[in-house]
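> The structure follows.
Please treat every number below as a calculation from the coordinates, not as lab data. Please read all numbers here as calculations on a predicted model, not as lab measurements. FYI the Cβ positions are ideal-geometry reconstructions off the backbone, even for glycines, and counts take in every protein chain you see.
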């Protein structure tokens, strides 16, 4: 009886310790000091579908910035094994051309899982303790969708890049066509009828590398919360596979640098 009691107490203590460790948020990564590139602005294009035009005018007024690059730092949560883990991240974007992600999942604020992934020169890479693969055809397709979905943190590229086009559906929905290997991929973009801002984006995406896979509906959602400093752009986003029914990742941008030289930085690993 005494032994059972001791076992229960130890188990409860370990559970409490694990619970506490998963509640500690890591410190965010500082933004790197990178040379700035002079910013430019262009008028909001004419002929956009009604909800799309409303979206841009709500964010930027009559002019939109021409964003060539961006770096984001922040924190969030990842669910790689069914358990939410605190995380911190750096995202580096050569707008519409390539990106690099670095994640750290943490326990008591200390890294326990590190992931490098990205999409550069039309080729994806994924490097983690769970596996490593490069330039897989399925992953290239998914990475390209991530490239354009994350442009929601600098959405002017969806009207300043001539390879992108919008087609209206109704008062709160539009189709966004983005380039991929000589063809187009499609997002269904749903706007909040009250605010005019984007609520979520949906696309058919490969989840796993290798042949014989099927695409799965992938949904990114702009969660309620803070905005990116100095902008009206929502800082909190989640990603969900429809068959899982709930997000596998939630990210909150806490620092952002637009129009910086990322030519070398985007090819590094780590933060």
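> Helix 2-21 against the longest principal axis of the chain: what's the angle in degrees, Cα atoms only, rounded to the nearest 10?
Computed tilt is about 20 degrees.
> Order these by the 10 Å Cβ neighbour count, fewest first: 136, 121, 192.
121, 192, 136
> Give me the percent relative contact order of the chain, please, defined on Cα pairs under 8 angstrom at least 6 residues apart.
It rounds to 20 percent for the chain.
> So how tilted is helix 137-149 from the main axis of the chain? Cα-based, degrees 0 to 90, rounded to 10.
Taking Cα atoms only, the helix is inclined about 70 degrees.
> In addition: Quick check on the exposure proxy: order 132, 220, 195 from fewest to most C-beta atoms within 10 angstrom. Don't skip to the answer; put the middle values down first.
Numbers: 132 11, 220 23, 195 14.
The order, fewest Cβ neighbours first, is 132, 195, 220.
> Given a Förster distance of 30 angstrom, what is the FRET efficiency for residue 123 paired with residue 248, based on the Cβ-Cβ distance and rounded to 0.05?
0.80
> Same structure again: Which of 24, 52, 64 ends up with the largest GNM mean-square fluctuation for the chain, with Cα atoms connected below 10 Å?
24
> Here are several values of volume of the Cα convex hull per residue in Å³: (1) 155; (2) 166; (3) 125. Which one was derived from the coordinates shown?
Looking at volume of the Cα convex hull per residue in Å³ for this model, the match is (1).
> Fewest Cβ neighbours within 10 Å first, please rank 127, 117 accordingly.
Taking fewest neighbouring Cβ atoms as first place, the list is 127, 117.
> Still on this structure, please answer the following. What is the gain in length, in nm to one decimal, between residue 135 and residue 41 on full extension, counting 0.36 nm per residue of separation less the C-alpha to C-alpha distance? If you can, show how the numbers build up before the last one.
Working: separation 94, 0.36 × 94 = 33.84 nm, distance 3.49 nm.
My answer for the length gained is 30.4 nm.
> Distance in nm between label sites at residue 226 and residue 188, each 7 Å beyond Cα in the beta-carbon direction?
Label-label distance for residue 226 and residue 188, simple model: 3.3 nm.
> Enter the angle in degrees (range 0 to 90, nearest 10) between the Cα long axis of helix 50-60 and the first principal axis of the Cα atoms of the chain, meaning the one along which they spread out most.
The helix 50-60 is inclined about 70 degrees to the chain.
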